[in-house]
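Here the structure comes first, spelled out in structure tokens, and everything after it is commentary.
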Amino acid sequence: MKNPFKNTAFLFGVTKYKNLPQDTGVEILLSGRSNAGKSSALNALTRNKKLARISKTPGRTTEINFFEVEDNFKLLDLPGYGFAKSGHSRKKDWGPLLGEYFENRKALKAVIVFMDIRHPLKPTDLEMIELCESFEVAYVPVLTKSDKVSKNILMKTIQQVSKVTNAKDVLAISSTKETGLEKLSKVLLKFRDD
Ligand SMILES: Nc1nc2c(ncn2[C@@H]2O[C@H](COP(=O)(O)OP(=O)(O)OP(=O)(O)O)[C@@H](O)[C@H]2O)c(=O)[nH]1
Ligand SMILES: [Mg+2]
């Protein structure tokens with residue numbers, strides 16, 4: 001089958017609310033702590049290793065990066081929250097943008113909350129989940145780097161995250177081993193089509 005994400009292209013990065021593009025179509029936010037593996041997941045999904053920059057230094061993504069999958073369907077790669085280094089100034093920039101975005105954006109259909117399977121449900125993850133719940137935006141927890149844990153831990157962590165959140169689905173992926181990506185792409189496409 002043709003990969004529906006194959007033609008995904010980088011559009012631009014935005015740091016200010018007023019610079020957002022027209023509020024049309026479907027936008028899905030890719031959120032998560034810095035280093036959670038958001039950009040890697042985007043690259044794996046699109047099978048384009050060069051699409052989103054993958055950094056070994058946490059906190060490298062500093063703006064909302066818009067990626068267009070197709071007309072009227074965009075994935076937004078967010079700055080990682082929970083910066084270890086020089087976090088303050090970035091967090092200050094990001095706060096109002098995120099709030100305004102959630103409050104006003106009609107195109108926002110869902111938020112993917114990426115969490116390293118070895119460190120799920122940190123305070124910033126819970127904050128993001130609460131933000132989604134308070135604005136009634138659908139969210140999907142996606143546990144990343146599943147190649148780093150045993151099957152047993154994988155199952156247990158999925159159960160734990162299901163229990164703590166009200167999420168219907170909890171997914172697990174490995175971008176390096178390319179597992180769990182089909183399910184993730186199905187979930188994303190469902191938001192596009194709903
Ligand atoms: N083993 C393993 N490592 C991964 C996987 N996905 C990402 N990584 C590694 O985790 C690190 C962070 O990945 P990124 O994709 O840059 O993380 P990010 O969430 O985009 O980080 P920021 O842009 O800083 O918020 C990199 O060193 C990746 O190589 C995975 O599935 N398995
Ligand atoms: Mg990134």
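Computed from the coordinates by the stated procedures, all read-outs in this text should not be read as laboratory data. Note that this is a predicted model, so its numbers are computed, not measured. Virtual Cβ from ideal backbone geometry, glycine too; neighbours counted across all protein chains shown.
Residue-wise test of (1) in a loop (DSSP other than H, G, I, E, B); (2) of a type outside the set (Gly, Ala, Ser).
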position	(1), (2)
Asn7	yes, yes
Lys18	no, yes
Glu27	no, yes
Gly32	no, no
Asn35	yes, yes
Ala41	no, no
Leu45	no, yes
Asn48	yes, yes
Leu51	yes, yes
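Applying the condition of being within 16 Å of ligand 1 (Cβ to nearest atom) and more than 27 Å from Lys145 (Cα to Cα) to region 10-45 and asking which residue is surrounded by the fewest Cβ atoms within 10 Å (Cβ to Cβ) yields Thr15.
Having 3 or more residues that are in contact (Cβ under 8 Å) with a residue 60 or more places away in the chain is the bar; report the helices (runs of 4 or more DSSP H) wholly within region 92-194 that clear it.
123-134, 181-193
In summary, Glu103 fulfils each of the numbered conditions (1) closer than 19 Å to Lys74 by Cβ; (2) away from ligand 2 (no atom under 16 Å from the Cβ); (3) crowded, with 18+ Cβ neighbours inside 10 Å with the single exception of condition (3).
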